[in-house]
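Here the structure comes first, spelled out in structure tokens, and everything after it is commentary.
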């Protein structure tokens, strides 16, 4: 049995093959090796394992992923690791919010069975220094947009996700669609590894329409209000789509017009075919479209996206 710090999570339905209620505890494991053994024990006992990888600073978007995982698996684990490999700005890494105890308390309330963390050295025990880690090629879906704005970011994402997937093993891993390009990268990684099944869940939004993000806590009240222009631009674009507008250049113009009124510093505002990623912007009429935006609000960088030919965002305005 894996030993770790535990706190009671109350009653939780047992796996389907047990058929009774039992009390679960949130197991807190400080290193990936003990997490690996815990996950292996669950599968050995016939339980399916759901996994939600995070960098902590949990919010309703993360918790929605955990709830979905709880509903679809016998047991659920969450990783909390602020991955230095995916930050190309040391200042951004330094100010990323961290509160493991608060995160664990939230996970306790939504039925997660295990949370684990670790250090870079523990995830890469054969490497003495971070700059010696050879990052994984994240594939063609990493090119353009976030890949261009944050060089090396997706290589860092793919590299740590491979380690996390190998720690947890076969099962389902849950990601939010807010990080749309990232979801394409992890799907490709999972295809190459042969596991896990990747489940991409709809973006969850605050009542204002602002997509939940760990970085939202860094916004002032005025900046938070200003940041709503990202989602307003995306929903204006969806309305234009539903009103029959299909030309890629015209659609992008609608989005940029809305963002200009918001007064944010736009890094990109683009459209892509969600089923056929391209580095360059599409031209001409589109059969389906994902709109993606990145902007700085004060010192905080935010991203958002919206599928135009589908209506499934949680809390969409």
Have a look at 181, 132, 290 and tell me which one the Gaussian network model of the chain (Cα, springs below 10 Å) gives the largest fluctuation.
132
Checking 224, 252, 95 against a Gaussian network model of the chain (alpha-carbon springs below 10 Å), the top fluctuating residue turns out to be 95
If contacts are Cα pairs under 8 angstrom and at least 6 residues apart, what is the relative contact order of segment 185-317 in percent?
28
Choice from 135, 159, 283 showing the highest fluctuation, given a GNM over the chain with Cα pairs closer than 10 Å:
283
Using only the alpha-carbon atoms, how far is helix 100-109 inclined from the longest principal axis of the chain? Give it as 0 to 90 degrees, nearest 10.
80
222 nm [θ] for the chain, helices only, -39500 (n - 2.57) per DSSP H run of 4+, per residue, to 500?
-11500 deg cm²/dmol
Post the alpha-carbon centroid distance, segment 30-65 to segment 237-261, in whole angstrom.
40
Only bridges with both residues in the chain count here: give the DSSP antiparallel percent, nearest 5.
55
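When a footprinting reagent is the concern and you count Cβ atoms within 10 Å, what order do 299, 126, 232 take, fewest first?
Taking fewest neighbouring Cβ atoms as first place, the list is 126, 299, 232.
Residue 281 to residue 310: FRET efficiency via 1/(1 + (r/R0)^6), r the Cβ-Cβ distance, R0 25 Å, to the nearest 0.05? Let's see the in-between values first.
Working: r = 21 Å, r/R0 = 0.82.
So, using R0 = 25 Å, E works out to roughly 0.75.
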Between segment 85-103 and segment 132-205, the Cα center-to-center distance that results, in Å:
18
For segment 5-201, calculate the relative contact order in percent as a whole number, restricting contacts to Cα pairs under 8 Å that are 6 or more residues apart.
24
Can you give the FRET efficiency to the nearest 0.05 for residue 296 and residue 72, using r as the Cβ-Cβ distance and R₀ = 45 Å?
0.80
DSSP beta bridges in segment 147-294 [antiparallel fraction, %, rounded to 5]
60
Cα axis of helix 180-193 to longest principal axis of the chain: angle in degrees, 0 to 90, nearest 10?
40
Please determine, in degrees from 0 to 90 and to the nearest 10, the orientation of helix 248-262 with respect to the longest principal axis defined by the Cα atoms of the chain, where the helix direction is its Cα long axis.
80
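Taken together, the values in this text are just the output of simple stated rules run on the coordinates, not laboratory data. This one's a predicted model, so the numbers in the text were calculated from it and none came from an experiment. Note that we place each Cβ from the backbone using ideal geometry, even for glycine, and neighbour counts take in every protein chain shown.
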